[in-house]
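*Asks:* Take this structure first; my questions come after.
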Amino acid sequence: MTRNLGTTGPAVAPLGLGLMGMSGMYGPADREEGIATVHAALDAGITLLDTGDFYGMGDNELLLRDALAARDRGEAVISVKFGAMRDPANGWGGVDARPEAVRNFVAYSLKRLGTDHIDIYRPARLDPGVPIEETVGAIAQLIDEGYVRHVGLSEVGAETLRRAAAVHPIADLQIEYSLISRGIEDEILPAARELGIGVTAYGVLSRGLLSGHWSAARELPPSDFRAHAPRFQGDNLRRNLRLVDALRGVAEERGATVAQVAIAWVLARGEDIVPVIGARRRERLHEALGALDLRLTGDDIARIEDTVPAGAAAGERYNEHAMAQLDSER
Ligand SMILES: NC(=O)c1ccc[n+]([C@@H]2O[C@H](COP(=O)([O-])OP(=O)(O)OC[C@H]3O[C@@H](n4cnc5c(N)ncnc54)[C@H](OP(=O)(O)O)[C@@H]3O)[C@@H](O)[C@H]2O)c1
């Protein structure tokens, strides 16, 4: 049972694993448990593993290298994002997706990952100073040279998808998509479908908010992305947790958890969509995998969407500064 990433991308298991939370984006994480989670994912048949060179300033790629050291490289479809600039104080410094930067970033990623090729290579954000054709052209050259297998994109809008696909086939668009982030449905998802581009959905659990495990009492260190994310603040959080409570009722009737229903809903949106789940512990991974056995009926989907209607979330999915960098939100 696999799903194809677009018409030209690789076949992957229907769920992917995102490693971001294993390197500090969600506060401190247990590295050994992260590695054990990658192993458990591979053992369960998961193939798509997503990282970014800027997650933990390279640390996430080193974690993935260590996790794959005792495994067959062919088991994994490695997806790497590049282009996001960091600073030594853990901050963010814009985007660089110039062709020369692409070549520089990939050289470091290959070294850190300890591999001779990356399966899907993608700019994390559109660089406003660089035409997408140039960035995609640079990745296409890396494909010709054997360092990369497929081009991916992240958080871009329909027009950028079209321009990029005119240069080289695009395997998948990685973009936030969940019951409470449905912005792609109007234009971006139809454009991806028309162009034969798959969708790798992140934030399917809205970074834990839509998992059934979140509580208003949870304290977050400033280094945790969610400490600054609008949906996790004050009144927004209280309102969003009421939606989660309502969803719990629907999930319990199906003998499932909130997280499983949230994942199964995205899985049911189309065979061309692969949820990339951010589990960083084996226990969470096993819960997420349970979504594959949950077959939602048309009635279930209608009830879920009545319970959490499109646009019901309080607060944007990123803060104002980060929203302004999203080509997908233009
Ligand atoms: N392209 C982009 O712009 C972009 C942006 C963000 C992420 N991503 C990618 O997408 C991946 C997933 O993203 P995400 O962090 O937004 O993921 P998510 O799956 O929406 O949320 C993951 C968080 O949910 C919590 N959780 C609760 N129950 C869970 C369960 N059963 N399974 C998994 N997690 C559960 C975990 O928190 P606890 O560990 O605290 O329990 C975890 O930190 C990332 O790792 C990254 O590779 C891409």
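Here, each number is a calculation from the coordinates, and none is a lab measurement. Here the structure is a predicted model, which is why all the values come from computation and not from measurement. No Cβ is skipped: glycine too gets one built from the backbone with ideal geometry, and neighbour counts run over all protein chains shown.
*Asks:* Please name whichever of 325, 70, 168 sits farthest to the positive end of the charge dipole of the chain, dipole taken about the Cα centre and charges placed at Cβ: Lys and Arg +1, Asp and Glu -1.
*Replies:* 70
*Asks:* If you don't mind, there's one more thing I want to ask. As I understand it, the value is the acute angle between the Cα axis of helix 298-307 and the longest principal axis of the Cα atoms of the chain; what does it come to in degrees, rounded to 10?
*Replies:* It works out to around 80 degrees.
*Asks:* So how far apart, in nm, are the two label points at residue 323 and residue 100 if each is 7 Å from Cα heading toward Cβ?
*Replies:* It works out to 3.6 nm between the two label points.
*Asks:* Using the 2.2 N^0.38 Å rule of thumb for compact globular proteins, work out how the chain stacks up: its C-alpha Rg over that value, please.
*Replies:* Working: Rg = 18.6 Å, N = 330, 2.2 N^0.38 = 19.9 Å.
Normalised by 2.2 N^0.38 Å, the Cα Rg of the chain equals 0.93.
*Asks:* Which of 265, 92 comes first, and how do the rest follow, when ranked by fewest Cβ neighbours within 10 Å?
*Replies:* Numbers: 265 23, 92 13.
Listing 265, 92 from fewest to most nearby Cβ atoms yields 92, 265.
*Asks:* According to a simple spin-label model (label point 7 Å from Cα along Cα-to-Cβ), what is the distance in nm between residue 194 and residue 253?
*Replies:* 3.8 nm
*Asks:* To continue, here is another question. Taking the Cα centre of the stretch 107-223 as origin, work out the dipole magnitude from +1 charges on Lys and Arg Cβ and -1 charges on Asp and Glu Cβ, in debye rounded to 20.
*Replies:* Numbers: 11 positive and 16 negative charges, 78 e Å.
Roughly 380 debye for the stretch 107-223.
*Asks:* With only Lys, Arg, Asp and Glu charged, each at its Cβ (+1 for the first two, -1 for the last two), find how big the charge dipole of the stretch 15-81 is about the Cα centre; round to the nearest 20 debye. Let's see the in-between values first.
*Replies:* Working: 5 positive and 11 negative charges, 30 e Å.
Rounded to the nearest 20 debye, it is 140 debye.
*Asks:* In terms of modelled amide H atoms, which long-range or inter-chain residues lie less than 5 Å from the amide H of residue 277?
*Replies:* Hits under the 5 Å cutoff: 16, 17, 18.
*Asks:* What translational D, rounded to a whole number of µm²/s, comes out for the stretch 30-165 from Stokes-Einstein when the hydrodynamic radius is the Kirkwood one over Cα pairs, at 37 °C and 0.692 mPa s?
*Replies:* The calculation lands on 214 µm²/s.
*Asks:* Separate question: How large is the dipole of the chain about the Cα centre if only Lys and Arg carry +1 and Asp and Glu carry -1, each at its Cβ, rounded to the nearest 20 debye? Provide the component values of the computation, followed by the final result.
*Replies:* On the way: 36 positive and 48 negative charges, 85 e Å.
Charge dipole, the chain, about its Cα centre: 400 debye, nearest 20.
*Asks:* Between residue 200 and residues 5 or more places away or on another chain, which pairs have amide H atoms under 5 Å apart, with H built 1.01 Å from N, and which residues are they?
*Replies:* Those lying under 5 Å, H to H, from residue 200 are 173, 174, 175, 274.
*Asks:* Once the Cα atoms of helix 99-113 and of the chain are each reduced to a long axis, what angle between those two axes, in degrees from 0 to 90 to the nearest 10, is obtained?
*Replies:* That helix lies at roughly 70 degrees to the long axis.
*Asks:* Taking the Cα centre of each part, how many Å lie between the stretch 25-41 and the stretch 163-224?
*Replies:* The stretch 25-41 and the stretch 163-224 have Cα centres spaced 21 Å from each other.
*Asks:* Using the beta-carbon distance between residue 133 and residue 1 and R0 = 30 Å, what value does 1/(1 + (r/R0)^6) give for FRET efficiency, to the nearest 0.05?
*Replies:* Working: r = 36 Å, r/R0 = 1.20.
Calculated transfer efficiency: 0.25.
*Asks:* Right, something else. In the chain, if the dipole is taken from +1 on Lys/Arg beta carbons and -1 on Asp/Glu beta carbons about the Cα centre, which of 220, 89, 197 is farthest to the positive end?
*Replies:* 220
*Asks:* Relative to the present Cα-Cα distance, how much length would full extension add between residue 306 and residue 44 at 0.36 nm per residue of separation? Spell out each step's value before the answer.
*Replies:* Working: separation 262, 0.36 × 262 = 94.32 nm, distance 3.28 nm.
Gain on extension, residue 306 to residue 44, equals 91.0 nm.
*Asks:* Write down the percent of antiparallel bridges among all DSSP beta bridges whose residues are both part of the chain, to the nearest 5.
*Replies:* For the chain, the DSSP antiparallel bridge percentage is about 15.
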